[in-house]
Structure formats: structure tokens, C-alpha cells
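These notes are about the structure you will find just below.
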Amino acid sequence: MLSFIPILTLAAQTGPTPNLVSLTQVRIEEYKKVQNVRDKILAADPYAGLVPDALDRDADIKAMGLDGESGKQQVAIALGYEFDPGVMADLKPLDLTSNDPMIDYTIERTDPSGTPVFKSMRSGLKDLALGVYKVKVTRLTPPADPKTPPAKEVFEVYVGIIDKEDLANTLAFDTAHAPKGGPQITTDIEDDSGIPLHLYVNSHKQVFAVLDHEPSQPILFPERPEFVIFNKPADAVQAAYKNKSQGTIGSQEISWAVKEPEGIVSMEHVRRAAYLKLQKLKDTVKAQHPTEADFPPEMLQTDEFKATGLNLNSRQDQSLFLQALTYTPEGQSLTGYHPIDFTKDRAAADTAITPAGPKQFSVNTFKNTFEGKKVFLYKIKANHKKPDGSETSTEAYIGPFTPDTLAAIKKATTDVQITEEKDQDVPLNIYTNSVGSVVFVMAFRPKDLLLVPIQPTMLLTTDTIEQCKPIADKPEEAGPLVQRMPKLFTSYGILES
């Protein structure tokens, strides 16, 4: 209803602040509980699927407040969180000649006309050489003033799981059918960039795309494969596609993994090692070139940084770079934060974009939005009336809002009745660091922890109020502007003893 999730794009923490932990760290134990329930169901029924139906009925899930519509999104987030399991011994190559029912599940390929082609894994995979390829993307964005040259952005992305011929077909089709008047995009598959891979499966029928070797630039590697295995036969998926009901068919979970000398490890293991390597480089260069900036500019000239493949002229790569710098290993505290001083801290002058109602936003400085005001994470119940007269009810935490903001949202939301559950509202204190990152510190652990959104329902940016005004004036057209703006790291946290 009020989802407005910022992308992690600018933050770095320096110096110790004991016991301030991010919401993600607090939730990790809860994530593990949800995954344990899922694994228990899959142990009894390996074909139960990505999100087993029985999950919603499990007593432990109900006790966590995650049954029903209110908890579905948070269950999905919990299941999607990747722990680093180390070497994974419980993996076997997918045998396309076996009698395993999942071999007759369906994959989707793309023909030269751009039309999806659905085949069983048994027939569709046997002649494919699957891999991941690096694609160079050049995007030219037309300017508002015709006399101004288009803005040029060049970046590299890994694409896969895919057969190289299918990739060429997809890129050619996308280029030929690009919308007129929009950005002009050209793509090139980089020579010798392919990493061969093979599909493996564990005893829970979870599928892993196992790369033959590590990617040279793991920070650029996608979090999830662009590949779907539908858990129905091809004819059923084809019929659903014709009826435009393809999304109703379940799919198998697919995760990345890598062959290492010691065995097969998750891609998350490789990615986290790359994050820590980049953080070590930052600290080393910063010791040689002291600065209060989020990172020393001299770092960008090192061979180690250039080897990451990150292009900081690309906003996408800026996001990945600063996501790597702000990664906190499981169990570690946030560092460098203190209660905000609105008279001098950098974040005070930055621009805050907060909801004011359905598809309505308020744009102001962070100082004017929050200074001297009580701020809460509100627990609400939202009653939606359906066209047939029936009602559905969902529970959620929303914030960080002042009482005035919540009142404005309730007044502007005419199609949903919002009821505040005041005994579960969580007071928030605001902490910040030297680069303008913000943590809204909860006074206590919420009762239904996983119903708290991962990130605050707001954006914090270094763009000026004038630059952000179009978001408030024409919110229906704000998407591209929001995607392009530099966003500061915001999070919920809690002080723990």
C-alpha cells in the first residue's frame, strides 16, 4: 500500500558505536526460523515448491504472526535471504535421464521472433550449453533540450542462466522493439566472457546453477539467475501463457553456486568475500590519504579497484559499489553512528521524500521533516473493501512517520480504513554518521518483527528540494527520477546490550 523502498546507494561507516545493530541483523534469527520451517516441509515433500502451501498453516509461522496476507511478503523476504552455508555437500548434478518428476518441469526459451518457447527440462536442456555472459550496455537518454547532446551511460552486466544463441536472440529482439522516444540502448556480448555452468539439485529439490569458476567481478554478479523452472508440464505452462495466467504457476527456487577447490560454495560466499576485500582496500588507502569523505578518491585509481569492473559514472554501479562498502557481516554492529544534531550533521540538510497518501509525496529537508517532532514506527490494521462488498484485513508497520504524517495519510486514503494499534507503536530515535546515512533506532523490539519493512518508507537524497519537486507535483511520472537520484542509506536499527 505504501511501499517506497529506497535502493542502497550511499553510505560508509567509520569508528565504533557498540551495540547498534541494523534491523536485518536483528531479523536474521527470524529468517532462519522461517527457512527451517520450509526445510521441514520440503524434507517431507521435496516437490512442495518455492513457497510451500503448507507454510502458511504451520504453527511456528502463525506464532510469528506471518500467516495470511499480512505475512506473505515477509515470508518471501525471509526465504530469499541467503546465508553462507560454506561448502555444500548435499548437491548432485541434475540427471536429465532420470525418472525424477522434476525433470519434466518446464523451462522457457526465446526464439528469434522474441516468442517464448516452453519445453520440459528433459528435452529443452539436453542440447544447451548453459552459461553466464557479460554484456556491455550503452544507454543514450534524450535530453529535455534538443540542443543538448544525449546523456551517455556505459556499464556491464552479467546475464544468465542462458544459452548464448538464446541470449543473442533476446538482445536482438529487445533492440528491434525498443520504445520510440525513450533511451537508445545498444548491447554487445563481450568475447570470452562466458562462464559455463551446470544445474545441480539437493535433497530438497532446490536447484543450484553451479559455475565452473568464480566470476572475475563478483560484485557485478546478479543476486538471482534470470531463469525460471515452472513446476508444471510444458503444455500446462503454454496454455497458461496463452490465457495470460502464467504467473499463477509455481516455480522452483534457483540459486548461484561456484566450484572451488574445497568444494561447491554459494555465490553469496564469493560475493561477501569481495565486499570485505573492497572494504579492506578502502581502509588501506584511507590510512594513506586521510579524509572525512565516504571513501578516499585515490582508491579509484588503484589496480585493485579497477579490477572490480565498477564504473562509477553508472548509477547502477554506484549502488553496487556503496552496497559493498556498507555490507556488515552477520553478527556485527553498525559503526560510526551518533544521535543526530540537526544544527550541524550532514543529513539535516539533505532532502527527505515521505508519503503523504496513496501516490502522494512530501518533499522537504530532513531537518524540517523530523526536527523536534515525535517519530514512530506505527502498527496499523488496514481494512480493504472489495467490489463484491466483502472485506480483507492486513496488518503492517509503517514509518518513520510523525503523528501529523500518519494523520495526513489516513485522511488521504479513502478506499482503505486504517486503524492504528497504539499499544504496538514503536518510538524512534534518529542516528546518523559523518556521510549522512541515517538509522531510525527503535525503542524496543516490535512484537511482530518480520512485519517491519526492511527499509524505512521514505527516501533520503543529496539532490536539492528543487530537483525533487517533480516527485510531489507529478508522482505518477516520478519513477525514472527516483531511479536516477543518488540515495543515502537509511535503515531501522536497535540498541542491544
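Overview of values
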| read-out | value |
| --- | --- |
| For segment 326-476, convex hull of alpha carbons as volume per residue, Å³ | 140 |
| Extent along principal axes [Cα atoms of the chain; Å; largest to smallest] | 68, 58, 51 |
| For segment 167-178, 3J(HN,Hα) per residue [Karplus equation, 6.51 cos²θ - 1.76 cosθ + 1.60, θ = phi - 60°, Hz, x = Gly/Pro] | 4, 4, 4, 5, 5, 5, 5, 4, 5, 5, 10, 5 |
| Mean separation of Cα contacts under 8 Å (6+ apart) over length of segment 208-275, as relative contact order % | 45 |
| Packing-based exposure ordering (other Cβ within 10 Å, fewest first) of F173, F361 | F173, F361 |
| Theoretical FRET efficiency, 1/(1+(r/R0)^6), r = Cβ-Cβ of T148 and T115, R0 45 Å, to 0.05 | 0.70 |
| Once the Cα gyration tensor of segment 91-174 is diagonalised, semi-axes √(5λ) in Å | 38, 14, 9 |
| T392-S203 FRET efficiency (beta carbon distance; Förster radius 30 Å; 0.05 resolution) | 0.20 |
| At most 11 other Cβ within 10 Å, DSSP loop - chymotrypsin sites (Phe, Trp or Tyr not before Pro), segment 423-472 | F444 |
| Reachable lysines from K487, criterion Cα separation under 19 angstrom, eight or more residues apart if same chain | K367, K469 |
| Taking all pairs of distinct alpha-carbon atoms in segment 253-323, Kirkwood radius in angstrom | 13.8 |
| Point-to-point label distance, D174-V87, nm (Cα→Cβ direction, 7 Å offset) | 3.8 |
| Footprinting exposure proxy for S123, S333, S245 (fewest neighbouring C-beta atoms within 10 Å first) | S245, S123, S333 |
| Euclidean distance between Cα centres, segment 220-257 to segment 292-344, Å | 35 |
| Over 18 Å between alpha carbons, listed pairs K134/K282; K277/K306; K126/K244 | K134/K282; K126/K244 |
| Cα-derived Rg over Rh, computed across segment 450-497 with Rh taken as Kirkwood radius | 1.09 |
| Set of lysines with alpha-carbon distance to K147 below 22 Å, sequence-local pairs under 8 removed | K180 |
| Phi to ³J(HN,Hα) by Karplus 6.51 cos²θ - 1.76 cosθ + 1.60 over segment 136-145, Hz, x for Gly, Pro | 8, 10, 10, 10, 10, 9, x, x, 5, 9 |
| Exposed-site-free run, longest, the chain (rule: trypsin sites (Lys or Arg not before Pro); DSSP loop; at most 15 other C-beta within 10 Å) | 1-125 |
| Eligible lysines near K40 by straight Cα distance, threshold 26 Å, same-chain separation 8 or greater | K32, K62, K72, K92, K205, K232, K447 |
| Built amide H within the under 5 Å cut-off of I162, gap 5+ | G131 |
| Inter-label distance, nm, simple model (7 Å from Cα along the C-beta direction), H338/T97 | 6.9 |
| Theoretical FRET efficiency, 1/(1+(r/R0)^6), r = Cβ-Cβ of I189 and K72, R0 41 Å, to 0.05 | 0.60 |
| Taking the chain and dividing mean pair separation by its residue count, relative contact order in percent (alpha carbons under 8 Å, at least six apart) | 21 |
| Tensor-based shape of segment 404-497 (alpha-carbon gyration tensor, a/c under 1.5 rounded, otherwise prolate or oblate) | oblate |
| Of every Cα-Cα pair in segment 410-456, the percent that sits beyond 13 Å | 70 |
| Residue-count net charge about K367 - beta-carbon cut-off 15 Å; Lys, Arg +1, Asp, Glu -1 | -1 |
| Estimated Rh, segment 292-358: Kirkwood, alpha-carbon pairs, angstrom | 15.3 |
| For S255, residues with placed amide H under 5 Å, excluding near neighbours | V207, F208, A209 |
| Rh by Kirkwood over Cα pairs, then Stokes-Einstein D for segment 91-234 at 1.002 mPa s and 20 °C, µm²/s | 125 |
| Segment 131-195: antiparallel DSSP beta bridges as a percent of all, rounded to 5 | 100 |
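No value in this document is a laboratory result; all are computed from the given coordinates. Quick caveat: nothing in here was measured; it's all calculated off a predicted structure. We place every Cβ from the backbone using ideal geometry, glycine too, and count neighbours over all the protein chains shown.
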